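The values are calculated or read from the model by the stated rules, or taken from the named source; none is laboratory data. Everything quoted here is computed from the prediction, not taken from an experiment. All Cβ positions, glycine included, derive from the backbone under ideal geometry; neighbour counts span all protein chains shown.
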Amino acid sequence: MALMQTLPLITHTSFAKPIAWRKGISVSVEEFLADVNYLATLLPAGKHILNVCKDRYHFSVGLAAAIISNKVSVLPPTHTPEMLRQLQIFSPDVFCLYDNDDCDIALPRFNYPTMPKHPAKKVSIPRINTQQLIAIVFTSGSTGQPNPHPKKWGSLVQNVQAQAKRLGLSESNEYSFIGTIPPQHMYGFESTVLLPWQSGNAISSAQPFYPADICSAMQSIPAPRILVSTPLHLRLLLDSELNIAEPALLLSATAPLSYTLADKVETTLKAPLIEIYGSTETGQIATRRTIDGDSWQLLPQIKLTQQGEQVFAEGGHVEVATTLNDIIELTEPGFFLLHGRTQDLINIAGKRSSLTNLNHHLNAIEGVIDGAFFMPDELSHDHVTRLSACVVAPNLTASQLLAALRTKIDPAFLPRPLLFLETLPRNATGKLPREALKKLFDTSINKDLSCTQN
């Protein structure tokens, strides 16, 4: 019989070293492990746990307690009533771990406890079976039912350790991680929790969104600091012109960065900016430093293969060949170019482009703070569907913006209508759900019709 392979929960070698920072106070590895063991004794009997803790340290303790209790963390994309209903069908024993007083999730709930003052005692770092199922991450299915993607401990560790090596992270650097995205999101899960765990570094309990909160959170932790963020948060941070404690490294994901924004971020914050490419299905599989060019470099052992128009990722922590939902151009071995998502492809009057490409040009216009194109559903085969766009650009007129767009894109893709807004309906990770955009334009059209009729 083959020996069971295990890997440590964390790679910290000193029990006195900080593994987290909460409100400017360090939490040692010893305290963390004591909190984990205490919570593990209190968790309900259910096998599946929905961890919605807003404090990143609480989430981290809850995740670790679930792991050592052989429970599975479920990470759905939303917490809508319908998603929760589907989650209960998938795992009838699921319960919710929460730490905020306004939690109203319609599941059996368990409040994160006030931790006692643990007496000093010898603790050990748990070792976890590499085949143990740690989490199930869900994507929104086309049929309305969430699609589950199981994550085993061994593949998760292999993934973030490859990321740590690519980024040059080690325990000797003693980095502190600040994340503007929630740990329940796959990117936040990997880069603000598992990556610090597996590189011997510390997390910040904060989850700042607004620029002033990001600056405050950065100031509350010691250097060297790593800011794990998104293009939306980085753009808002620069536009605020607030003083920010300099990071040693910046990470960005969830949407492609423009060269202009990346260059401005690096120049202003005086730190290298690395983009992460991946998906819920594969985890993180490639990186690039945006100012060095458009090419993405795969993580070690990851390979891409093309069959027709589809590209598959496999190798390394990607245990089975997995379809990538992006338009990818394979270049030299280990590198590729990204041209947008397959569902972003649009064809108007025989001319092809992608929403990603159009959004890139829109947001590169001087004076545009944020913007996005939207392709409405086709009404009929004999009806010409027109692209729409919404934009935050308080100092531009519609004619000025359209004139700038004409120099960058084909006239067939000029947006009609073009909505000017104060903010776009982005979610906590900086993404723009299509349904939110559709509702926005439907409301605008209905308002116009009402005004016409009156």
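Could you list, in sequence order, all residues of the range 401-424 that are in a helix (DSSP H, G or I) and closer than 20 Å to R235 by Cβ?
L401, A404, L405
Can you tell me which residue within the range 98-136, out of those that are among the acidic types (D, E) and surrounded by fewer than 14 Cβ atoms within 10 Å (Cβ to Cβ), is farthest from T80 (Cα to Cα)?
Only one residue fits best here, namely D101.
Of the residues K117, K71, K54, which single one is touching a residue at least 40 places away in the same chain (Cβ under 8 Å) and among the charged types (D, E, K, R)?
K54
Say we look at the range 207-233 and pick out the residues that are of a type in the set (A, V, I, L, M, F, W, C) and closer than 16 Å to Y187 by Cα; which of these is surrounded by the fewest Cβ atoms within 10 Å (Cβ to Cβ)?
F209
Taking only the range 116-137 into account, find how many residues are assigned to a loop (DSSP other than H, G, I, E, B), under 21 Å from C53 (Cβ atoms) and either at pLDDT 95 or above or touching a Lys or Arg at 6+ places or on another chain (Cβ under 9 Å) (or both).
Total satisfying the criteria: 1.
Within the range 431-454, which residues are modelled with pLDDT of 75 or more and surrounded by 12 or more Cβ atoms within 10 Å (Cβ to Cβ)?
Selection gives K431, L432, P433, R434, A436, L437, K438, K439, L440, F441.
When N363 is evaluated against the numbered criteria (1) within 17 Å of L432 (Cα to Cα); (2) polar (S, T, N, Q); (3) at pLDDT 90 or above, which criterion, by number, is the only one it fails?
(3)
Output the number of residues of the range 11-50 satisfying the condition of being surrounded by fewer than 19 Cβ atoms within 10 Å (Cβ to Cβ) and assigned to a loop (DSSP other than H, G, I, E, B).
13
Take R166 and decide whether it is basic (K, R) and within 19 Å of the chain's Cα centre (by Cα).
For R166, the condition - basic (K, R) and within 19 Å of the chain's Cα centre (by Cα) - is met.
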